[in-house]
1. Modelling each spin label as a point 7 Å along the Cα-to-Cβ direction, I'd like the residue 58/residue 76 distance in nm, to one decimal.
2. Take every Cα pair under 8 Å in region 22-98 that's 6+ residues apart, average their separations, divide by the length, and report that relative contact order as a whole percent.
3. Between residue 168 and residue 225, what length comes free when the chain is fully extended (0.36 nm per residue of separation minus the Cα-Cα distance, one decimal in nm)?
4. Sorted by average packing, counted as other Cβ atoms within 10 angstrom per residue and highest first, what order do 55-63, 108-116 take?
5. How high is the relative contact order of region 94-240, in percent, counting Cα pairs under 8 Å that sit 6 or more residues apart?
6. Tell me the label-point distance for the pair residue 51, residue 202, using the 7 Å Cα-to-Cβ offset, in nm and rounded to one decimal.
């Protein structure tokens, strides 16, 4: 019992590993999660340089947690470090589009397959409401605010389905893929805005119908069409040299 502390004794924080760094680590994690969410929601454009001071001012934190969060996002391949040590969102290239589309179809297709038998009527209604809201948003002029709205609804739609799959292994992988492809989804939304004859959420409706019918094959097919249509639009823009991002 010699090592037990008396009631009036104090403990040096350094003697208890972790106590001194919990708050700092929590702040860094919150900054990381906020930036990751912004990437997935298409807040940042492809090629955009992220200024640490501007991010710190917006998030109302010091530079240090922002620097650490950006380093993690570079490691996640969601951002890239430039020769001058600045950090930017990767540019849109045909090769990167093809790679992301292929992997997203594989991983997200499996989540849709797993989610199909678990999707209940309440979820179907929620998905229909989200898609209707997204469709209405696309009918308005697509400025930066509206693009963020459509991208956020698109994220909510997909991750509502993926959450139904119940896979703790696949979901973090998909989050990583969405951090990388979020800026491209933003760019494709702008392309849809220039082509009013195209329907951005057509495949969402098809996916909902397949889920409602319990048809996993049709649901996966609709998802693949949804992903590839957006990415094909960007490929065409690259060929034509009209990509805005």
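Just so it is clear, none of the values below were taken in a lab; they were calculated from the coordinates. Note that the structure is a prediction, hence the values are computed from the model and not measured. Every residue, glycine among them, receives a Cβ derived from its backbone with ideal geometry; neighbour counts consider all protein chains shown.
1. Calculated label separation equals 1.5 nm.
2. It rounds to 36 percent for region 22-98.
3. 18.0 nm
4. Ranked by mean Cβ neighbours within 10 Å, highest first: 108-116, 55-63.
5. 39 percent
6. Taking the two extended label points, one gets 4.2 nm.
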